[in-house]
1. Which pairs turn up if I take residues in the range 25-51 that are loosely packed, with under 10 Cβ neighbours inside 10 Å and look for partners that are in a strand (DSSP E or B) and of a type in the set (S, T, Y) with beta carbon separation below 6 Å, at least 6 apart in sequence or on another chain?
2. Would the range 46-64 turn up any residue that is assigned to a strand (DSSP E or B), out of contact with any strand residue (DSSP E or B) (no Cβ under 8 Å at 6 or more places or on another chain) and over 19 Å from L3 (Cα atoms)?
3. Would you check if V22 is surrounded by 11 or more Cβ atoms within 10 Å (Cβ to Cβ) and modelled with pLDDT of 90 or more?
Amino acid sequence: MRLNLATVFGILLIAAGAVALVVKGITWTKKEEILDIGPIEATAETEERIPIPTWAAGLIIAAGVLVVIVGSRKAA
């Protein structure tokens, strides 16, 4: 069985949707300089987050399934 490009892309979409369901968002830490007066420095670390809604993850999985189905029909 040989996988075509559409099938591989669909599998990647399904995997990305599954990861989005588990992780529920992208989080990173940002370091900000608050005060800088000569040798005196003050910094603060803030955590920022981009939430990924459950419906969006489900939509990504559904799109992946659709691409796999369409890709497998074209290959046959």
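1. Matching pairs, first to second residue: K30/T46; K31/T43; E33/T43; E45/T29; E47/T29.
2. no
3. So V22 does not fit the description; no.
The values are calculated or read from the model by the stated rules, or taken from the named source; none is laboratory data. In this text the structure is predicted, and so the values were computed from the model without any measurement. Note: ideal-geometry Cβ built from the backbone for every residue, glycine included; neighbour counts use all protein chains shown.
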